[in-house]
1. Determine the per residue accessible area of region A:66-222 with all protein chains present and a 1.4 angstrom probe, expressed in square angstrom.
2. Give me the inter-chain shielding for A:78-88: mean count of other chain Cβ atoms within 10 Å, whole number please.
3. Heavy atoms of the protein only, probe of 1.4 Å, neighbouring chains included. What is the accessible area of A:Glu126 in Å², nearest 10?
4. With everything on Cα atoms, drop me the angle between helix B:20-33 and the longest principal axis of chain B, reported from 0 to 90° to the nearest 10.
5. Can you pull the one-decimal nm distance between simple spin-label points at B:Asp91 and A:Arg230, each 7 Å off the Cα toward Cβ?
6. Need one number: buried accessible surface between chains B and A, 1.4 Å probe, both sides summed, DNA, RNA and ligands left out, in Å² to 100.
7. Taking K and R as +1 and D and E as -1, what net charge do the other residues with C-beta under 10 Å from the C-beta of A:Gly42 add up to?
8. Starting from the Cα gyration tensor of the protein assembly as shown, take the square roots of the eigenvalues, sort them a ≥ b ≥ c, and report rounded, prolate or oblate (rounded when a/c is under 1.5, otherwise prolate if a/b is larger than b/c, else oblate).
Amino acid sequence: MNVFLSLRSTTNHGTVLSPRRAFAPTFSMPYAQLVVGPAGSGKSTYCHNVHQHCASLGRTLSVINLDPAADEFRYPVTADVRELISLEDVMEEEELGPNGALMFCMEYLEDNMDDWLAEQLEGYMEDDMVIFDCPGQLELYSHHSAFKSMTEKMTGWGWKMVCVYILDAQFISDGTKFIAGCLQAQSAMLHLALPHVNILSKVDMLQDKSVLEPYLCPDHQRLANELDERMDPKYRKLNHAIASVMEDFALISFAPLDISDEESLQFVLYQCDCAIGYGEDADVRTSRDVEYGDEPDMSNLSLE
Amino acid sequence: MAAGKRGNVYVVVGMAGAGKTSFLERVATYLERSGKPPYIINLDPAAMRLPYDANIDIRDTVDYKSVMSEYCLGPNGAILTSANLFATRFDKVVSICDLRAQDYEYFFIDTPGQIEIFTWSASGIMITDMLSAHFRTTILFILDTPQCQNPQIFMSNMLQAVSVLYRSRLAVILVFNKIDVASHAPLVKLLSDMSLFQSELEGVSDFSSTLTQSLHLILQEFYEHLKIVGVSAATGSGVEEVISVLEDVGAG
Ligand SMILES: Nc1nc2c(ncn2[C@@H]2O[C@H](COP(=O)(O)OP(=O)(O)OP(=O)(O)O)[C@@H](O)[C@H]2O)c(=O)[nH]1
Ligand SMILES: Nc1nc2c(ncn2[C@@H]2O[C@H](COP(=O)(O)OP(=O)(O)OP(=O)(O)O)[C@@H](O)[C@H]2O)c(=O)[nH]1
Ligand SMILES: [Mg+2]
Ligand SMILES: [Mg+2]
């Protein structure tokens with residue numbers, strides 16, 4: 001277990017979980033958030049709110065839609081996968097069901113990264129941030145190759161990426177449910193091998209927000225005990241194995257997101273920034289802040 | 001198991017395309033031939049064609065296309081929402097099954113490939129809770145054996161399976177499907193032998209392989225509680241074994 005102990009000391013903020021590319025300190029590259037999670041968990045809403053929040057701070061951030069099934073947007077769409085391929089056309093022409101068609105679209109995107117995606121990402125510079133609104137289909141994040149290829153490509157192009165995994169807070173009612181959600185997020189973490197931020201969405205809809213408290217930064221022993229209480233006794237060892245792996249990897253911290261509360265948005269965004277080192281270079285930040293403090297940064301608007 | 005529970009319900013779950021529907025068709029045909037036709041419930045609102053006769057079909061109750069337009073949802077959201085809508089009336093399904101339990105030994109439930117219904121959303125848990133209150137209920141977790149030859153895909157499937165176990169708190173049987181294309185024996189070996197797993201992972205990034213190794217500790221524990229069978233829905237090989245495992249579980 002020594003390996004894990006040494007890992008733990010560096011993973012407190014969930015930041016160093018994936019191999020980071022070594023950059024020369026003066027050379028910073030654009031940043032991207034890949035917003036993923038189950039269907040309806042609040043990915044597009046998150047993109048909208050983060051976009052608005054940043055706009056109010058004068059921080060520019062572009063949102064790119066990668067969900068071919070999306071049809072309405074509350075954020076300004078900088079680029080849209082539906083310009084590349086249409087889900088309806090695929091369903092019709094390939095005679096596929098909705099799932100198959102979505103997979104087909106994502107494979108098509110994968111085949112067109114060097115032209116379509118590269119083109120959309122042209123012109124972004126140091127300290128720019130792009131958010132990708134992704135489809136709600138889990139196997140895309142747990143084992144399909146499209147997003148893996150995309151993150152590998154973009155990392156190769158010099159982008160610093162974080163995976164933002166969004167789960168609906170309403171589905172956590174006890175430890176067993178919580179563990180089920182953690183294991184989901186872990187599949188994505190394992191597959192995409194990106195720095196990872198877990199978010200519990202729709203916290204504003206909870207009647208009793210205190211139910212979340214034990215799960216935001218859980219005590220592993222307590223969690224194991226709770227699992228013991230709820231599961232058949234024969235699963236005791238399994239419960240403890242799960243709790244200890246979670247502890248070793250600091251895997252299960254979740255940031256609660258209450259969209260009615262700006263501070264909560266700010267905290268979530270801060271977590272994402274930390275995970276990819278956005279704004280780490282204090283000099284750059286200050287100069288930018290001064291430079292753009294009074295008027296909004298217009299330089300990105302021509303990038304479309 | 002609690003006394004007084006009649007009937008065995010098997011909930012067939014698995015990732016999209018793993019072969020849940022084909023598996024059910026194969027098992028149904030086999031059981032019919034042995035004079036014990038099963039009672040089948042389809043929960044996949046987007047199924048285009050079912051190769052078996054469903055006794056209860058969600059598509060008769062919920063029109064998934066109009067859910068899409070009515071709630072302004074994408075296909076995945078619509079499938080989840082349809083499942084939610086149906087789950088609210090699932091007590092009716094349970095009472096029908098209750099009546100049928102005199103005539104049928106086996107009840108099967110086919111589900112959509114959106115496994116998050118059973119790993120995360122509220123509808124899956126409503127359904128499994130209602131079922132397990134009345135019947136001896138077991139999860140059949142179907143894996144795509146050829147796909148699982150990739151260790152990462154295999155790991156991801158296994159994490160889903162553990163997730164279903166915690167979410168539903170029901171016994172899980174792993175069913176390796178499509179063994180006509182690839183054998184499941186090496187995968188079963190992998191589950192029980194850590195050293196094999198490490199050699200499989202060479203070339204994977206350090207982080208992933210360290211995490212995978214320790215997740216493997218979880219799987220080793222999980223393995224202790226699993227029944228495992230291999231089957232080919234396409235050729236029918238392994239079906240007898242499946243039935244005998246189902247009978248074992250059914251006997252309590
Ligand atoms: N009250 C509240 N509602 C939310 C929140 N996040 C999402 N919703 C609602 O949940 C539903 C789904 O949200 P979306 O943002 O479309 O979810 P998504 O993950 O993009 O969904 P798909 O793209 O279909 O997978 C919408 O009706 C949202 O208004 C939240 O934080 N609070
Ligand atoms: N070679 C082989 N192919 C199989 C087998 N079982 C299923 N398939 C194929 O796998 C594909 C998916 O099968 P389905 O039975 O529709 O899978 P499913 O899990 O019900 O899929 P969804 O309902 O969409 O999640 C089909 O093309 C089947 O013909 C098998 O045992 N061997
Ligand atoms: Mg969306
Ligand atoms: Mg099916």
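The values are calculated or read from the model by the stated rules, or taken from the named source; none is laboratory data. Keep in mind the model is a prediction, meaning the values are calculated, not measured. Here Cβ is always computed from backbone atoms with ideal geometry, including for glycine, and neighbour counts include all displayed protein chains. For accessibility, only protein heavy atoms count, side chains too; no ligands or nucleic acids. Shrake-Rupley method; radii C 1.70, N 1.55, O 1.52, S 1.80 Å.
1. 37
2. Average neighbour count from other chains, rounded to a whole number: 0.
3. Using a 1.4 Å probe on the heavy atoms, I get roughly 100 Å².
4. The angle comes out near 60 degrees.
5. 2.4
6. 4400
7. Value of the local net charge: +1.
8. It is prolate, given that a/c is not under 1.5 and a/b is the larger ratio.
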